[in-house]
Each structure stands twice: as structure tokens, then as C-alpha cells.
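All remarks here apply to the structure that follows.
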Amino acid sequence: MIKRIYQVYIGVMLLFLYAPIMVMMALSFNESPSRSYWGGFSLRWYRGLFADPHIAQALTNTLTIALLSALIATVIGTIAAVGINQLGRRTKSIVIGITNLPVFNPEIVTGVSLMLLFMFAIRVAGMGRLGYTTLLLAHISFNVPYVILSVMPRLRGLDGNLFEAAMDLGATPMQALAKVILPQIRPGIITGALLAFTLSVDDFIVSFFTTGVGVSNLSILIFSMARRGVNPRINALSTLIFLTVMVLLYLISRRDTRKERSMYDEEN
Amino acid sequence: MLKRIFVYPYILWMFLFIAAPLLIVLWFAITDTGADGQTVFTFYHVARFFRPAFAGEPFFQRLYIVVLTRSIWIAVLTTMVCFVLGYPLAYALAKFFGHRSILLFLFLVPLWMNFLLRTYAWMTILEQNGVLNALLSLVGLPTIDILFTDTAVVLGMVYNFLPFMVFPIYSVLKDMDNSVIEAAQDLGANRVQVFFRVVLPMSVPGIISGLTMVFMPSVTSFIIPNLLGGGQFILVGNLIEQQFMRVGDWHFGSAMSAILIALILLMMGFIKLIDRQPRNKDGPAEGVLY
Amino acid sequence: MKKIKFVGLLLGLGIVLALTGCNRNENIIRVFNWGNYLDESILAEFTAQTGIRVSYSTYATNEEMHTRLTAGGGGFDLVFPTDYMVERMIREDLLLPINLENIPNIRYIDQRFRGLEFDPHNVYSVPYKWGTLGILYNTAMVEALAPGMVVDSWNILWDARFGGSIFMYYSMRDAFVAPLKLLGYSINTTNPDELFAARDLLIAQRPLIRAYLGDPIKHSMIGNEAALAMVFSGCAMFTMEFNSDLNFIVPREGTNVWFDNMVIPRGARNQAGAEAFINFLSDPEIALRNTLYTGFSTTNWATFALLPEEIRNNPVYWPSDEVIDNSETQVHVGEFTATWERAWIEVLAARP
């Protein structure tokens with residue numbers, strides 16, 4: 001009974017989350033470029049999309065930056081969280097406090113200050129310029145605190161002596177981390193990685209200021225249209241991305257169910 | 001000592017990518033460019049935020065203070081709604097559907113679509129002649145007009161930040177030791193007692209992460225108040241964005257940002273005080289089971 | 001093991017991406033333009049014609065562009081600032097003089113748009129597009145709310161009969177155009193008393209307006225969400241195509257006429273290429289495609305002659321000389337910006 005109620009609740013929340021996506025998908029088939037005027041069914045934005053090299057380039061940048069930054073931030077963040085957890089109470093709260101600061105900083109301030117930092121480094125080094133690499137670094141840097149914030153709660157629920165016990169039994173710190181700690185905090189790592197990926201895909205302001213000449217991601221492309229009107233090709237693109245993700249999720253979940261079932265069969 | 005090895009590289013990273021940019025902000029906040037282009041130290045920009053428009057103007061009626069309190073109020077509302085909606089969601093996902101992690105993805109995928117497009121879509125839904133009102137009148141219900149109000153702003157923020165509440169709570173609830181709950185039940189606790197005395201206290205670390213990740217972006221967001229609030233709201237995020245983007249006064253923008261961070265740190269210290277109460281000195285979170 | 005391979009693959013991919021696009025010795029120009037402000041299919045044509053590749057980036061506000069150019073290390077060969085920003089950039093010595101000998105198509109740029117206030121001798125800038133700010137109104141809704149009303153003045157935006165049915169443009173300098181013009185002041189005022197009088201008018205207007213919005217105004221007006229809106233002529237052109245009740249006028253008190261321009265920033269690495277691109281964009285056929293794509297008015301008289309008759313005769317697209325003479329172009333207000341800014345925040349923070 002309770003499970004039923006929760007099922008309905010999850011359904012309602014999903015409806016809430018997907019309502020705007022459905023509107024956006026409907027608009028991608030709208031012949032007219034206005035979201036308030038239905039000009040009939042049309043595939044014109046999809047045709048335009050495939051003739052647009054700019055969008056393809058931005059999509060590639062968005063995906064690679066999001067994957068790479070989520071991955072690297074997850075590694076850095078997880079190791080850091082484990083390390084922080086081993087600190088004494090005082091130091092720990094100081095380090096966590098500093099780690100949280102970027103979460104509190106308005107995005108625009110983060111963006112401008114990272115830009116200034118990168119420009120300073122470039123001037124000191126006397127080489128390089130803003131571009132893909134600085135964009136990636138910026139994304140990693142704003143992702144790390146979110147990973148730590150996701151992993152820390154799991155660590156707090158963990159027995160503090162686990163790590164030491166593993167090392168007493170002859171494990172190196174790396175082994176202790178990989179074999180003992182990581183399996184325990186996996187849900188935290190996964191949520192951290194997912195949040196990091198999401199933040200990276202969604203970020204506009206920090207990206208705009210830390211990227212360089214000719215390197216755009218989708219957010220920059222879309223937000224820069226905010227003044228002169230967003231091209232509905234973007235709706236078409238988003239619809240395609242959305243459908244791709246959905247198909248992938250479906251395939252993965254089907255595979256998982258099959259695996260579960262076969263494991264069940266083996267057990268019996 | 002060896003076990004701390006993991007933290008040192010991070011400390012280095014922290015100084016480079018967290019402390020350094022913040023020091024830059026602080027630098028701008030307490031300096032100004034003099035008439036001859038030289039940098040001078042001054043608290044002018046920090047003081048500017050609190051300055052009255054006329055002598056004796058009550059503190060909470062001063063322009064920037066009004067904006068700040070309104071931002072915090074909106075953010076508190078957003079965070080509360082996120083918690084009320086998000087906790088049961090995280091609980092349900094963890095307890096009943098923990099084996100189907102695909103569901104978790106379903107709650108994130110909407111956020112992979114561009115933020116601006118989603119916000120525009122909300123306008124299409126909430127407008128007077130929008131999708132929602134069309135549906136309402138279709139089933140004979142009275143129409144509503146909430147676009148460009150605080151309701152729409154909170155709705156937009158909850159929509160965007162809800163997963164940041166759900167995920168950390170989910171990750172602590174997911175592998176919560178069922179034997180603890182069973183033990184409590186064996187000892188005669190009923191469902192409500194088990195929840196409030198066992199489950200809720202154990203999820204506190206996740207809740208704190210969630211509150212942090214929702215509250216902060218809500219204070220400083222400016223695109224949602226612009227679009228769904230229709231400019232009826234000016235939040236601290238708008239102020240800072242305008243200083244950096246329209247006025248070009250980085251000093252004042254940084255000063256506001258620094259004030260905001262200081263304020264948040266104070267609040268965090270406060271939260272930490274509450275957080276520490278129910279736990280024994282350095283035991284794990286289970287310490288609350290008394 | 002599989003995971004490690006995956007990580008390696010991703011890292012490799014990242015490095016390849018980071019390296020591609022770096023200095024190959026080719027003829028390339030780096031263009032920084034407003035988003036969705038150019039028919040991008042012409043970029044390939046330019047490359048085919050001249051062999052110059054275009055690296056294209058976009059921005060949303062003049063100030064974003066300015067920040068990237070000054071604090072972000074620049075690296076652009078061509079940008080598209082609005083009038084007041086051109087003036088500011090000239091004053092800050094951020095622009096290079098343009099060699100007009102490389103731009104024979106300059107002869108197609110209308111004399112009306114040359115030698116404008118912000119760059120009196122067209123040393124640094126070539127006009128790209130232009131427009132006016134005015135009132136977009138829904139004839140049916142105006143007739144229903146105030147029968148017989150003629151829309152010809154900014155004061156309709158203060159008419160209580162339209163309470164809750166007015167959109168204002170969400171931009172400091174543009175929102176102030178209405179009250180300043182209504183009071184008979186310059187839109188570039190640096191007189192605090194004039195500015196504060198205008199501010200008080202805007203605050204008094206707050207209970208009447210439905211929202212301050214930017215670009216979304218056009219969709220809301222198409223969807224009959226309000227009777228009146230302050231918008232740019234280019235946006236008005238867009239809306240009138242989808243809602244025949246809509247009309248646009250420039251109020252009799254005058255307004256802001258704006259110009260977006262092509263300029264070459266200091267530090268450009270390919271000035272000749274940028275000039276070739278300016279020349280290309282000033283070609284009547286190319287400019288025609290651009291103006292039809294964006295809906296904003298062209299500065300090119302030869303392009304104007306090629307436009308369909310209904311567009312040429314449309315006063316929204318091509319206002320009369322009187323309208324232009326009666327209007328002002330924005331000038332950077334310098335130090336006084338901070339006062340403007342505070343007044344604007346006071347308007348927005350006032351609760352309706």
C-alpha cells in the first residue's frame with residue numbers, strides 16, 4: 001500500500017520534471033519560430049540542424065567537457081573526501097569550509113575570478129591562451145566541491161577505523177582505498193559524478209569567461225542568443241539529445257533486468 | 001600519518017582553484033581604481049552596500065538590504081519546498097526502488113536539457129494563455145495566473161534545484177542498515193517513531209549537503225527571477241550580475257559577493273552548531289541512536 | 001580494466017580536441033558576434049570565395065564582449081558592438097582604424113548611417129544593422145480596453161486602463177527612454193534631477209506593468225498576453241508576422257535609434273582578413289540574406305532596393321527621416337553610469 005503511494009508520488013514528480021521537456025519537444029516540430037504560435041507540423045528545424053556545423057562543434061565540446069570534467073572531478077573529489085575524513089576535527093571543518101566556498105560564490109564571480117587567474121598564469125608562463133584547456137579546468141574546479149559534498153555524508157556513516165584496520169592488515173593506502181573504502185561509499189561517488197556531469201552540461205557563465213576564441217559549448221551558444229532570439233534548431237537538437245538519452249537508459253535498464261534475472265536463475 | 005596522504009594533493013588544488021580566485025574577489029572588494037589608474041585600498045565598496053539613502057534610514061529599508069533579505073527569503077522558501085518534496089522522493093527511491101538505479105537517472109535527465117530552454121518552456125506553460133490554463137479550462141477548472149509572481153520564481157527554482165536535494169539524501173539512505181530499523185521495531189517502536197528517531201537522524205549528513213546545494217544557488221540565481229519573475233524580483237544575483245556585466249564596477253560586484261560569502265559562513269557556523277548537538281564527540285552518524 | 005580503458009580513451013579524446021584548432025598556418029579570422037545575428041550559411045561561402053576560414057564565437061551583451069576583449073585576452077579580429085560601446089571602445093583605445101580601401105562595398109552603406117555621433121568620421125566602424133525602440137500594441141486589445149485610443153505617445157504606458165497589460169523592456173538604458181522622452185529630456189542625461197524624475201515615473205508605473213522582460217516579450221505579445229509592450233523594431237517585425245492584430249509605432253516624443261557596427265579590435269591578428277569579411281557582409285546580396293534572416297533593418301541602400309516591396313514600405317522596418325531626426329542615439333554616460341544603475345535598481349526593487 002505504502003509502496004503504491006510512493007509510486008504515485010514518484011510519477012507526479014516525474015511529470016513535474018518532464019512537463020517543460022515535453023513542451024520543448026512539441027515546439028521543435030513547430031513550423032513557426034515563435035513558441036506562442038503553432039504554424040503546423042514541420043521538420044524544418046531538424047533539417048536546419050544538420051546543416052549547422054556550429055551546433056555540432058558546440059555539442060562535441062559540451063559532451064567531452066562534461067565527461068572529462070565529471071570524471072576528473074570525481075577522482076579528485078573522492079580521494080580528497082577520503083583524505084579530509086581522516087583529518088582531525090578542527091582541520092577537517094576548516095578544509096570543508098573552504099571547499100564549500102565556491103558553492104556559495106555567485107557563478108559570475110567564480111567565472112570572472114577564474115578568468116583573471118588563468119590570464120595571470122598565462123602571463124607568468126608567457127605562453128598559451130584561454131581555450132579548451134582552461135574551460136576544462138574551470139569545469140573541474142567547480143565540480144570538485146559538489147563531488148566532495150556528495151561523498152562526505154557516506155564517509156561520515158563509515159567506521160573511522162576501517163582504513164586503519166586495512167592498513168594494519170598490510171594494505172597500502174591505495175589498496176585500502178580501492179578495496180575497503182570505495183565499495184562502501186559507491187553511492188556517494190555515483191551521485192557526485194552525476195551531479196558533476198549535470199552541472200557541467202548546464203553551466204553557462206563560468207564557461208563564457210574561461211573559454212577562448214572559437215571554443216563554444218552549447219550553453220554559450222544558446223545563452224548568447226538570449227538577446228536576439230533563440231533559434232528553434234536548438235529545440236530540435238535538445239529533442240534529439242533527449243530521445244537518445246532515453247533510448248540508452250532503456251537499453252541499459254533492459255540489460256540490467258536480464259542480468260538480474262539470469263543471476264536469479266543461477267541461484268535457483 | 002600515511003593515511004593522510006590523500007589530502008595533501010587536494011590541499012594544493014584547493015589553494016590554486018578555490019582560495020586563489022576567492023582572494024582575487026577579496027582583493028577587488030577592498031580596493032578601488034584611483035583617478036590616476038592606481039589601485040588604492042578602501043572599504044568604500046563594502047560600506048556602499050549598507051549605506052542609507054538618507055540620514056537615519058532604517059537598516060532593513062535600505063535598498064541593498066531590502067534586496068538581500070528578499071533574496072534570502074526566496075532561497076529559504078525554495079530550500080524548504082525542495083526538502084519537503086525531495087525527502088520523501090529520496091526515501092522512496094532508496095527504500096523501494098534502490099535496485100533500479102535507472103530511476104535515479106530519470107530525475108537528472110531533465111537537467112541535461114539547456115537551462116534557458118527549460119525556463120522558456122515554463123513560461124509557455126504558465127502564461128495566461130499558456131498550456132496549464134488550456135488544460136485547466138479543458139477540464140472545467142478555473143484558470144490561474146501565477147507567471148511573474150514569487151510563486152513562479154520559487155517553482156522555477158524548485159524545479160531546477162530539486163535533484164540537488166534528492167541525490168545526497170538518497171545516497172545516505174540507500175544503504176542504511178536495515179537491521180538498525182528492525183532492532184528499533186523489535187524494541188517496540190512504531191513506524192512514526194522509527195522514522196523520527198532512527199531514519200531521519202541518520203540522514204542528517206545528506207540533508208545538510210542537500211540544503212547547502214539548494215540554498216546557495218537560489219540566493220544568487222538571476223535568470224529565473226528575470227524570466228519567471230518578470231523583473232518583479234531583483235535578487236542579489238541580479239545585483240552582482242549587473243555590476244559585472246552592465247556597469248563594469250568589479251569592485252562593488254566583488255564587495256557584494258564577499259559580503260554574501262561572509263554572511264553564508266556565519267549561517268554555516270550556525271548550522272554546524274545544530275548539527276553537532278545530537279552526536280557524540282567523534283563517533284559516526286549512528287551515534288544519534290540513543 | 002574496462003574502466004581504465006574508458007578513462008584512457010576519454011583523456012586521449014580530450015587531448016586531441018585540445019590540440020586541434022591550434023595554430024595551423026592557415027588564413028583564419030576570429031569573429032565575435034551576437035548570438036543568432038547572422039545567417040551562418042554565408043560563412044562557408046565566404047571561405048569558398050576568399051579561402052579565409054572563419055572561427056565564430058557569440059555573445060549576448062556588449063559588456064560581456066567588452067570583458068572578454070579586455071580582461072580575457074581578446075584574440076578576436078572582428079566584433080559587433082552597439083553605438084555607445086563603439087564610442088567607449090574608441091575612448092579606451094581598443095580599436096584599430098579600418099582601411100576603407102580594402103572595403104569597396106562601403107559605397108553601398110547608406111549616407112544616413114555614416115559619420116554618426118559615436119564615430120564621426122567612420123574611422124573605426126562600419127554600420128551593420130540598426131533599429132528603433134517603440135511601442136508594440138495589440139489593436140484589438142487596445143480597442144477593447146480604451147475604445148478610440150490612438151497609440152502615438154509614450155504616455156499610454158502610464159494609462160491606468162492598461163493596468164496589468166503592459167510589458168516593459170528589461171534593460172536599464174532602454175527602459176529609461178520612455179520616461180526621459182516623456183519629460184522632454186535627453187536619453188543620455190547626466191543630470192541627476194532629470195534622471196530621478198524619470199526614475200520616479202518608472203516607479204509610479206510599476207503597479208501597471210505585467211513584467212519587465214527581454215526577448216521573450218515577442219512571444220508573449222504574439223500569444224496576446226498583453227496589450228502594450230516596449231520593444232525594438234526588429235522584434236516587432238518578427239511578431240507582426242504571426243499576429244495580425246499587432247502594430248508598432250515610434251512615439252511622437254522621439255526615441256532611441258541604435259546601430260550595431262563592425263569594428264576591428266586592437267590586437268587583431270588578421271586585419272586584412274577582417275576587412276575582407278566586412279566587405280563581404282556589405283555586399284548587397286549577402287546583406288539581403290542577413291537582413292531577411294534576422295529581421296533587423298539593413299544599413300545597406302543597395303540591399304534595401306532588393307527587398308520585397310511590403311518590407312520596403314513598412315515604416316517599422318524603415319522609419320521616415322523625421323522619426324530618425326526626432327530621435328537620439330545612446331552615448332556612454334561614463335562616471336554617471338553608477339547613478340543610473342542605482343536608480344534602475346530602485347525601480348526594480350520597488351514593490352508594485
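None of the figures in this text is laboratory data; all of them are computed from the coordinates on show. Computed from a predicted structure; not experimentally measured. Here Cβ is always computed from backbone atoms with ideal geometry, including for glycine, and neighbour counts include all displayed protein chains.
Points to keep in mind about this one:
- Divided by 2.2 N^0.38 Å, where N counts the residues, the Cα radius of gyration of the stretch C:146-211 comes to 1.12.
- Look at the dipole of the protein assembly as shown built from charges on Cβ: of A:Asn105, C:Ile187, A:Thr74, the Cα furthest out on the positive end belongs to A:Thr74.
- When the helices of chain A are scored as -39500 (n - 2.57) per DSSP H run of n ≥ 4 and the total is divided over every residue, the value at 222 nm lands at -25500 deg cm²/dmol.
- Overall shape: oblate for the stretch A:4-88, with the ratio a/c of the largest to smallest alpha carbon gyration tensor axis at 1.5 or above and b/c at least equal to a/b.
- Computed over the Cα atoms of the stretch C:219-272, pair by distinct pair, the Kirkwood hydrodynamic radius stands at 14.2 angstrom.
- The ranking of C:Trp130, B:Trp112, C:Trp154 from fewest to most other beta carbons within 10 Å of each one's beta carbon is B:Trp112, C:Trp154, C:Trp130.
- With Cα atoms, 0 to 90° folded angle of helix C:192-205 axis to chain C main axis: 70
- Amide H contacts under 5 Å for A:Ser32: A:Gly39, A:Gly40, restricted to partners 5 or more places along the chain or on a different chain, H placed in the peptide plane at 1.01 Å from N.
- Least to most buried among A:Leu251, A:Leu177 (fewest other Cβ within 10 Å first): A:Leu251, A:Leu177
- Note that the stretch C:26-32 has calculated 3J(HN,Hα) couplings of 10, 7, 9, 10, 10, 9, 10 Hz, one per residue in order, obtained from phi through the Karplus relation 6.51 cos²θ - 1.76 cosθ + 1.60 (θ = phi - 60°); glycine and proline are x.
- Here the Karplus curve 6.51 cos²θ - 1.76 cosθ + 1.60, taken at θ = phi - 60°, turns the phi angles of the stretch A:239-255 into couplings of 4, 5, 4, 4, 4, 4, 4, 4, 4, 4, 4, 4, 4, 4, 5, 5, 4 Hz, with x standing for Gly and Pro.
- Compared with the dominant principal axis of the Cα atoms in chain C, helix C:41-50 is inclined by about 40°.
- When the alpha carbon gyration tensor of chain C is reduced to an equivalent ellipsoid, the three semi-axes, largest first, read 38, 25, 22 Å.
- Distance from the alpha carbon centroid of the stretch C:200-277 to that of the stretch A:1-22 works out to 40 angstrom.
- Its convex hull of Cα atoms gives the stretch C:202-352 a direction-averaged projected area, equal to a quarter of the hull surface, of 12.2 nm².
- Positive dipole terminus of the stretch B:60-279, leading residue within B:Gly156, B:Phe105, B:Pro225 (C-beta point charges): B:Phe105
- Hz values of 3J(HN,Hα) by residue in the stretch B:5-14 - Karplus curve (6.51, -1.76, 1.60), Gly and Pro given as x: 4, 5, 8, 5, x, 5, 4, 4, 4, 4
- Within the stretch B:60-279, the percentage of alpha carbon pairs spaced more than 23 angstrom apart rounds to 58%.
- Per-selection Kirkwood Rh - the stretch B:137-239 (Cα, Å, 1 d.p.): 16.5
- Global dimensions of the stretch A:54-224 from alpha-carbon coordinates: Rg and Dmax equal 18.0, 57 Å.
- Chain C: relative contact order as a whole-number percent, Cα under 8 Å and 6+ apart: 27
- Radius ratio Rg over Rh of the protein assembly as shown, counting only Cα atoms, Kirkwood formula for Rh: 0.97
- The stretch B:61-110 and the stretch C:295-327 have Cα centres separated by 50 Å.
- Taking other C-beta atoms within 10 Å as the exposure proxy, B:Val180, C:Val123, C:Val231, C:Val316 rank C:Val123, B:Val180, C:Val316, C:Val231 from fewest upward.
- Between 0 and 90°, nearest 10: helix A:2-28 axis offset from chain A longest Cα axis: 40
- Kirkwood hydrodynamic radius of the stretch B:60-108, from inverse mean 1/r over distinct Cα pairs, in Å: 13.1
- Taking the Cα centre of the stretch B:60-279 as origin and assigning +1 to Lys and Arg Cβ atoms and -1 to Asp and Glu Cβ atoms, the resulting dipole is close to 280 debye.
- At 1.002 mPa s and 20 °C, Stokes D of the stretch B:1-90 from Kirkwood alpha-carbon radius, µm² per second: 121
- Farthest toward positive dipole pole in the stretch A:54-224 [+1 Lys/Arg, -1 Asp/Glu at C-beta], among A:Leu221, A:Phe163, A:Val180: A:Phe163
- Where only C-alpha atoms are counted, convex hull volume of the stretch B:188-250 per residue in Å³: 105
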